[in-house]
């Protein structure tokens, strides 16, 4: 009523309707309606000060109040349900009510006000309007479930993953051993399969398994989570930090699962994860078919009507979990993945790449481009996998050589060189690198001589160091010659007052001979 009196005051003061709209925020149509009603009732601004708000309402809207009982009774629970469908607006629903009830319908403004008033009796999480098929909320329950290892008697606590669809509240839950990335992403895959389709958006909390950098405005998801989203054609939109309303749906779902499933399992004893998940699945079906308290229908019925038709289809192949890591390309054009080495094109030496590791394959990316792919190798003996096309031409030429051929050539210099080259090749994880270093050592004999090379390799073998740079350093600094000179000097007698000399050890027989 205060706004009505303010409109009458400004209007009587000669203020235009445009200015009144600017001052009060009321549309020009409504201003015109207020002024017309006041004129019809013979009420001016000065009269408003002498009557109560109820009396003013009766004078201005008495006719509408009398006909309210004749207005149609709108099923706002159904209106709320329809609002969750894609493309449906309150304007459209009002127009349909006008077509249905004709003169018994309400004005659009009154219709919206009644709907807003009806929504206030719903819980906060239910008042949010989520479009069908738009969002899947995911999180872990705070409660864990103990599982007894039947062989050792050890008690392990299982985590409970929960997913909830925004429009229908249809819920999925499963137990996993951990909250690690592999379990986290595997649970997403199973949730999509349970729902039979994919939502446009996935809304997780800021868990470290999914979000590498929490931020209220621009959170970063890790490589593995991005890969899952790409595979299913969805987007990951983490809940904002310190914004509980963003994840109210899943928090309520967690509360419901803890109350209607986990609490009912508290007295049962489980001996395996599969046994626990079987029990959760049975109670989950009961939960999804349990009627709402303040709304008609169940999670199951709402899912069939709202979310299920709007979900995107599942991809032809299920998601395969992959670990992602950053790696540097070594000078030998290989990267390390799970203690094994895989080649990439040699032009990427010194650069950073992304490595995708699945159970069967290792894929290497530079930016968004795949530059190499290898079958994953679990061998404990072979440590390198190298594709010939990744090697520079100079390395491919070494493919004509064999270890025996190189060792024989080194043995032509001497036994020490042959043994050193043999050990060098055996110590190198990659043949091409070993061949190249061996041939380099053999060529040092042309520059420094075979005798010095033999001495240098003999010295290096003692320390079990097998590198081209070591032999080259010994020869460049003359350490092979230094050793021989040092040995010679140590063999010569030294003069000292405490040293008696060889004559002090003459035998008795020699003394007798000298006397005679």
For segment 224-270, how many residues are at pLDDT below 75, over 30 Å from residue 146 (Cβ atoms) and not in a loop (DSSP other than H, G, I, E, B)?
2
Condition test on residue 15, is it out of contact with any strand residue (DSSP E or B) (no Cβ under 8 Å at 6 or more places or on another chain), over 19 Å from residue 61 (Cβ atoms) and surrounded by 14 or more Cβ atoms within 10 Å (Cβ to Cβ)?
yes
Members of segment 269-292 that are farther than 16 Å from residue 164 by Cβ and surrounded by 16 or more Cβ atoms within 10 Å (Cβ to Cβ)
270, 273, 276, 277, 279
Taking the criterion of being part of a loop (DSSP other than H, G, I, E, B), modelled with pLDDT of 70 or more and surrounded by fewer than 16 Cβ atoms within 10 Å (Cβ to Cβ), would at least one residue in segment 116-131 satisfy it?
yes
Please go through segment 308-336 and give me each residue that is in contact with a helix residue (DSSP H, G or I) (Cβ under 9 Å, 6 or more places away or on another chain), at pLDDT 85 or above, more than 16 Å from residue 224 (Cα to Cα) and outside any strand (DSSP E or B), ordered by number.
308, 311, 314, 315, 317, 329, 333
When segment 387-422 is checked residue by residue, the ones that are surrounded by fewer than 17 Cβ atoms within 10 Å (Cβ to Cβ), modelled with pLDDT of 80 or more and within 47 Å of the chain's Cα centre (by Cα) are 387, 388, 389
Residue 70: passes all of (1) at pLDDT 75 or above; (2) touching a helix residue (DSSP H, G or I) at 6+ places or on another chain (Cβ under 8 Å); (3) surrounded by fewer than 15 Cβ atoms within 10 Å (Cβ to Cβ) but (1)
Listed by range, strands (runs of 3 or more DSSP E) wholly within segment 136-210 having at least 3 residues that are at pLDDT 90 or above and in the same structural domain as residue 274 (by TED's automatic domain parsing) are 145-148, 155-165, 171-176
Go through the residues of segment 294-302 one by one and say whether even a single one is in contact with a helix residue (DSSP H, G or I) (Cβ under 8 Å, 6 or more places away or on another chain), closer than 18 Å to residue 254 by Cα and in a helix (DSSP H, G or I).
yes
Regarding residue 218, is this residue assigned to a loop (DSSP other than H, G, I, E, B) and either over 23 Å from residue 204 (Cβ atoms) or modelled with pLDDT under 90 (or both)?
yes
Need the failing condition index for residue 282 against (1) in contact (Cβ under 8 Å) with a residue 40 or more places away in the chain; (2) assigned to a helix (DSSP H, G or I), just the number.
(1)
Tally, over segment 337-369, of residues that are surrounded by 15 or more Cβ atoms within 10 Å (Cβ to Cβ) and in a strand (DSSP E or B)
15
Take the residues in segment 424-446 that are part of a loop (DSSP other than H, G, I, E, B) and buried (at least 18 other Cβ atoms within 10 Å of the Cβ), then tell me which one is modelled with the lowest pLDDT.
430
Pairs only if they're at least six apart or on different chains, beta carbon under 7 angstrom, first in segment 447-469 and assigned to a helix (DSSP H, G or I), second at pLDDT below 85 and buried (at least 17 other Cβ atoms within 10 Å of the Cβ); list them, first residue then second.
452/480; 455/480; 456/480; 459/480; 468/437
Tell me which of these residue 365 doesn't satisfy, since it passes every other one: (1) in contact with a helix residue (DSSP H, G or I) (Cβ under 7 Å, 6 or more places away or on another chain); (2) modelled with pLDDT of 90 or more.
(1)
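The values are calculated or read from the model by the stated rules, or taken from the named source; none is laboratory data. This one's a predicted model, so the numbers in the text were calculated from it and none came from an experiment. As a convention, Cβ positions derive from the backbone with ideal geometry for all residues, glycine included, and neighbour counts pool all protein chains shown.
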